[in-house]
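The values are calculated or read from the model by the stated rules, or taken from the named source; none is laboratory data. What you see is a predicted model, and the numbers here were worked out from it, not measured in a lab. Quick reminder, even Gly has a Cβ in these numbers, built from the backbone with ideal geometry, and neighbours come from all protein chains shown. Accessible surface is based on the protein model in full, side chains and every heavy atom, while ligands, DNA and RNA are left aside. Shrake-Rupley method; radii C 1.70, N 1.55, O 1.52, S 1.80 Å.
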Amino acid sequence: MTSDIPLTPTIPIAPADFKSGFVALLGRPNVGKSTLMNQLVGQKIAITSPVAQTTRNRLRGIFTNERSQIIFVDTPGIHKPHHELGKILVKNARSTVGAVDLVVFIVDGSVPLGKGDRFIADFLTKTQASVILGVNKIDQRPENKPHILQSYQDLASENHWQLQEFSALQGDRLHSLENALISSLEPGPYYYPPDLVTDQPERFIMAELIREQILLHTRQEVPHSVAIAIEQVKESPEITEVRAAINVERSSQKGILIGKKGSMLKTIGTAARQQIQKLIAGKVYLELFVKVQPKWRQSRASLAELGYSLDES
Ligand code: GDP
Ligand code: MG
C-alpha cells in the first residue's frame, strides 16, 4: 500500500517552447485593470469598484494554460500624489514597470484619450518597456463616435505599440489579448504551480473583500481612509471564524461605518461574508469591528503594520 500525496504543490518542468513572463497592468484609476486581471485568471482576486484608487498594493494574478504562464501585476492607478499613501502608490507603480517583461497600458475606450492617459504614455515612452495598448470597455463605446478609437490608434502608431480592444467586464475579445501577450513573451519556465491564481495569502484577499464592500456601501470620504486588519482566522471542519478590524482616521467615520443601530456594519458584514465564503468555498462567521487610528495614512509605521508594502527603491 502506498500513499503518494505530495505535501507541497509541485512546479512542473516546462517544455522547450513554453512561454512565460511578468506583465504589468498599468493605467489611470478606473479603466478596468483589476477587472481585467480577474477575468484573465478566472477568479476574483483583485477588488474592483466605481470608486477610484481601489487597488493599493501590488497584487499578482497568475494565468496558466498548456503553452504559457503569465504573471500579471496589478498596479494602483498612476495619478498626482496628495499625501504619503498617494506617493507610495505612484512609486510602487513606477518600480513595477522596470521589473516586468511587458506592460499592458489600459485605457477607457468609451471616452477619448485624456490628460491622465497622456501622462502615463509620456512616462512609458521614457522607459525601456514593451507596451501593448489595451483599449477596454468597448461594450460602452458610442457607435457614432469613431474619433474615440482614432485617438487611441494615433497614440499606438506614434509609439509603435500594438493595439488590442476588449471588454474586460463582459470577457469580450480577451482571447485575442491572451494570444498577443503569449506571442510577445520569451520562452521561459513555470514560475508557480499551474493551479495557483495569486501569490497573495488568503488573509490578504479576505481583507480586500471587506474593503470592497466598504467602498460599495459608504460615501466617498470614508473608503480612502480605511485599512483592514485580519486579526484572527480560526478554522474548524464546519466553519471558519474570521475576526477583522476596520481602521479609520476619525470617529465621524466610525459612526458612518457602524450606521444606525449597527445597520451599515451589518450590511457590509453580510456582503463581505458571502464573498469570503466563495473564496474559501466553505461556511464563514465574520466578526467586524471599527477602530479609530488617527492619521494612519500619514504614518509609514502604521502603513507597514497594516500590511502595505513600502518600496525603498
Ligand atoms: P481599476 O481602477 O483600473 O482597477 O478599475 P476596476 O477594475 O476597479 O474597474 C472600474 C470600474 O469600471 C468598475 O465599476 C468596473 O465594473 C468597470 N469596468 C471595468 N471593465 C469594464 C468594461 O469592459 N466595460 C464596462 N462597461 N465597465 C467596465
Ligand atoms: Mg484596480
Residues 176, 167, 95, 157: which one is without any contact (Cβ under 8 Å) to a residue 60 or more places away in the chain and within 18 Å of residue 28 (Cα to Cα)? 167
Filter the stretch 151-208 down to the residues that are of a type in the set (A, V, I, L, M) and within 16 Å of ligand 2 (Cβ to nearest atom), then identify the one that is nearest to residue 131 (Cα to Cα). 168
Residue list for the stretch 32-47, restricted to those being among the aliphatic types (A, V, I, L, M) and within 11 Å of ligand 1 (Cβ to nearest atom): 36, 37, 46, 47
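What is the residue count in the stretch 93-122 for residues that are β-branched (Val, Ile, Thr) and at pLDDT 90 or above?
6
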Condition first: within 16 Å of ligand 1 (Cβ to nearest atom), modelled with pLDDT of 70 or more and open to solvent by less than 20 Å² (accessible area, probe 1.4 Å). Can you find one or more residues in the stretch 84-92 that meet it? no
Within the stretch 48-61, of all residues that are surrounded by 18 or more Cβ atoms within 10 Å (Cβ to Cβ) and within 7 Å of ligand 1 (Cβ to nearest atom), the one modelled with the highest pLDDT is 48
Failed condition for residue 125, given (1) at pLDDT below 90; (2) of a type in the set (S, T, N, Q); (3) closer than 21 Å to residue 37 by Cβ, with all others met? (3)
